[in-house]
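First up is the structure itself, then whatever we jot down about it.
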Amino acid sequence: MMDLSAYRDIFIEELNDQLERMDQSLLALELSPSVELVQTLFRAAHTIKGSASTMDFRELSDLTHEVEYALEWVREKKPEMTSELIDTLFRSLDAMKVLRDQYIRGEAYADFRAVVREIKDLIQTPAVVGKLVTPQLQPAESIVAQVAVVSGKHLLSIHIMLEHKCMMKAARYHILRQRIEDICGTVVTTSLMEMQPGAQNEDDHYSQFIIIVATSKDRQQLETELSTDSDIHMLEIHPYVLESNEIAATSAPVELISEPEHTKPSLPTVTTSGSGSDEKVKAAQPTVRVSVERLDHLMNLVGELLIDQTSLADLSGSGARKESSSLIQSIGGVSDHMGRVIKELQEGVMKTRMLPIDQLFSRFPRLVRDLSQKLGKDLELVIQGGETELDRMIIEELSDPLIHLIRNSADHGIESAEVRGELGKPSKGRITLTSFHEENHVVIRYSDDGKGIDGEKIKASALGKGIISEEQAARLSTQEAVHLIFEPGFSTASSVSEVSGRGVGMDIVRSQIGRLNGIIDIDTEVGVGTTFTIRLPLTLAIIKGLLVKVSGRVLILPMYNVAEIVRISPEDIQMIQGQQAILNHGRIVPFHRLCDRLNYPRTERKSKTIPLVIVRSVDKIAAYAVDEIIGNQEVVIKTLGTYLGAMNHLSGATILGNGKVALILDASYLVSH
Amino acid sequence: MSSLQKEQYIELSVGAETCAIRIEEIHEIIKMLSITDIPFSRPEIKGVVNLRGKVVCVMSLRNLLGMPDEPDTRATRIIVVRYQDEYIGLIVDRVNKVTTYSEIHPPTGGYGRNREGAFHGVGQHGDELVGILKLDEILGG
């Protein structure tokens, strides 16, 4: 066999793209049916099918084949876009995604025959929706069955659904019944579709039937023999259990639309993939797509650096003969030029890591749609500024916090349509996601027009849960109380629901945003809505850092977290409840000496005032005294490696101009521990 | 033990003791660099250094073998080794030479608790006996 592992990554990437495209088109299709969208879906499915079978990924190509077939049917027949139809398509899309994930992880593939059947049923919706009932055994039949069991045979229930296009169903039924009798020996009883009154077509009566047989053959054998018969759309064989007090107990009706539990139980639900080669287990390597234009730009810059290098070599060669002052001037010129090129190169390389935030936002319409259905609320998602670019790693990390926010809004924030009506709000709840650049940050503004967060209620709830004490509660302003939602174990939902309300969500939001060096502001008004403003650095690879000196060591604080730099005199430090604090713009800010926090020895203070860095992370704030403020500079973050063990107080290290290593402090850890 | 015999070793000193490390395990040997200490790290971790743009963690081999630290001298070196896909520096008092051993004895017991399993064996070169360090054990423990 051809070695396909080389194409694996490309395949996965393409698959991701196409699945994403299908997801979006399907969402759009639900809103407004259009032929073009169906065509887009069809093309995407076709592409996936093709590449999956090239990659010998049969499970996916088979499933996609059915999806493609269904889409073709939609395109040709132009049926009404019922929610069942859309749901079925969504379910098959989800199934494709599951297969993709299993492929990437090299796991065994799940069985999606139920989904395939659902798709098939969709296309061949029988004209009459009737009921098929597992037959009840009449006394005489029961005796036949019992005799058969005693003589070592077993009972099987054969459920057959004929192809919709099968012409003479009645004849077909009789032929099949005869054939089954020939194979098995004894037919105990049969049961046909119950007709709805007024049904036109007599034949539909025979479109589905259940035959109970007593046989010595086993299920698989029977299945193989019957599977070759024409006109059978679906065949299910189950063991039939004879009730002890026979003359059947309550017979369970079998709904026409097959449910997942109707899958043939005789088969294992999980089939293992054909080849267990090591390549398959290997996780997909993250890849970056860079436009040729960007790449050419980088190449040009590298070219310029080469020229600079040549001129430096020339200068060094001619240096001996030249006067030193003019030499230094020339070197200075080259150095300036190099500096500019390197700066541009740095920005260019950083841009290759950037992705439009739409990559993330485009996942949410589907989430909102599902939530909307699950909760029975009418929700609308408005996305603005999806083209804003952000480091790909940040985009990945942002997914969970935003999902939590959306779930919270949908579940607790936005009122039901009736309540909204009474309040004079539009019945459709609106969630808005906006993103834009502001200075060196990316701002993501998330807002809903729900009921807002009631600070007083939050306070009462936090008090009840023991998160804050009585006196703390008394001191908290309403605005501050809102921030309590970020405390671990806090959840305002009175009942735990499936969607949210486990009391962990907002806590995760805070820690995740903190990890990304971000900050969150909450702006909420009771009855009007809530807005979360998340500010994030553009990239995590290079940050602007504030260099400070503590106990003779240079340390770096990320600039995003530096709220303010002030100088205070020692008298400004006050003791409040056994904790040193200062007053800053009317706020009480906890005061620490950075050297104490890091177990460094204290140094003798020479000046009268203390330089102070006010550090902010997510929603917490603290002031740190340092020995000296050096200034700010762009620093490249280097990892400390895993050998050191967990170093939560550090987010990495960097190399300073003098070649020494300086540690970068993790502001969020510093502030919250 | 025959496979160990043909290999080359770097012989080094810590305190009064002479040890050896298989040359394959060594990435490079550098002179002492300025070390940035790391708060809240294990005592044997002396800090990190800049190894041509890479941040490398540096440990005291003296501490790892249960000896107290001594001030650095002109002979102090950092032996950079590879351990689990990372570079780690080991501070030693002196690097003596590259050598091979004609005979390697199995490790002798009774070294005390710090030394349990720290050696592959004892190399013999003439009358000299040198403990061959087992890096996995020393760094992993």
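The values are calculated or read from the model by the stated rules, or taken from the named source; none is laboratory data. Treat the numbers as computed from the prediction; the structure is a model and nothing was measured. Glycine gets a Cβ as well: all are built from the backbone with ideal geometry, and neighbour counts include every protein chain shown.
Descriptive notes on the structure:
- Test: A:ARG91 is modelled with pLDDT of 80 or more and surrounded by fewer than 18 Cβ atoms within 10 Å (Cβ to Cβ): yes
- Qualifying positions in region A:171-196 - outside any strand (DSSP E or B), crowded, with 16+ Cβ neighbours inside 10 Å and not charged (D, E, K, R): A:TYR173, A:LEU176, A:ILE180, A:CYS184
- For region B:61-94, a residue qualifies if it is in a strand (DSSP E or B) and away from chain A (no Cβ under 14 Å), and the qualifying residues are B:ARG77, B:ILE79, B:ILE91, B:VAL92, B:ARG94.
- Any hit, region A:543-556, residues being out of contact with any strand residue (DSSP E or B) (no Cβ under 6 Å at 6 or more places or on another chain), within 14 Å of chain B (Cβ to nearest Cβ) and part of a loop (DSSP other than H, G, I, E, B): yes
- Residue ID - farthest from A:VAL550 (Cα to Cα), chosen from residues in region B:29-53 that are charged (D, E, K, R) and in contact with a strand residue (DSSP E or B) (Cβ under 7 Å, 6 or more places away or on another chain): B:LYS31
- Extreme residue, nearest to the chain's Cα centre (by Cα), among residues of region A:406-454 that are more than 23 Å from A:PHE490 (Cα to Cα) and assigned to a helix (DSSP H, G or I): A:ALA417
- Only one of the numbered conditions (1) of a type in the set (D, E, K, R); (2) free of Cβ contacts under 8 Å to residues at least 60 places away in the same chain; (3) surrounded by fewer than 18 Cβ atoms within 10 Å (Cβ to Cβ) is violated by A:GLU634, and that is (2).
- Single unsatisfied condition, A:ALA662 versus (1) buried (at least 17 other Cβ atoms within 10 Å of the Cβ); (2) modelled with pLDDT under 90; (3) more than 28 Å from A:VAL509 (Cβ to Cβ): (2)
- Test for B:GLY53: is it more than 22 Å from B:VAL98 (Cα to Cα), away from chain A (no Cβ under 14 Å), small (Gly, Ala, Ser) and surrounded by fewer than 19 Cβ atoms within 10 Å (Cβ to Cβ): no
- Strands (runs of 3 or more DSSP E) fully within region A:595-662 counting 1 or more residues that are more than 7 Å from every other protein chain (Cβ to nearest Cβ) and of a type in the set (S, T, N, Q): A:610-617, A:628-636, A:650-655
- Residue within region A:340-358 that is in contact with a strand residue (DSSP E or B) (Cβ under 8 Å, 6 or more places away or on another chain), buried (at least 18 other Cβ atoms within 10 Å of the Cβ), charged (D, E, K, R) and at pLDDT 85 or above present: no
- Region A:435-452 - residue that is of a type outside the set (D, E, K, R) and surrounded by fewer than 24 Cβ atoms within 10 Å (Cβ to Cβ) and, of those, farthest from A:VAL382 (Cα to Cα): A:ASN440
- Of the residues making up region A:554-595, those that are in contact (Cβ under 8 Å) with a residue 60 or more places away in the chain, buried (at least 19 other Cβ atoms within 10 Å of the Cβ) and farther than 15 Å from A:ARG616 by Cα number 1.
- Among (1) facing chain A (nearest Cβ under 8 Å); (2) not in a strand (DSSP E or B) - the single one B:GLU24 does not satisfy: (1)
- Matching residues in region B:56-70 - criterion: being crowded, with 18+ Cβ neighbours inside 10 Å and touching a helix residue (DSSP H, G or I) at 6+ places or on another chain (Cβ under 7 Å): B:LEU64, B:LEU65
- Scanning region B:95-120 for residues that are assigned to a strand (DSSP E or B), under 15 Å from the mean Cα position of the chain (by Cα) and modelled with pLDDT under 85 turns up B:PHE119, B:HIS120.
- Residues in region A:663-673 that are more than 8 Å from chain B (Cβ to nearest Cβ) and more than 30 Å from A:GLY586 (Cβ to Cβ): A:ILE664 only.
- Within region A:142-154, none of the residues are charged (D, E, K, R) and either surrounded by fewer than 18 Cβ atoms within 10 Å (Cβ to Cβ) or at pLDDT below 80 (or both).
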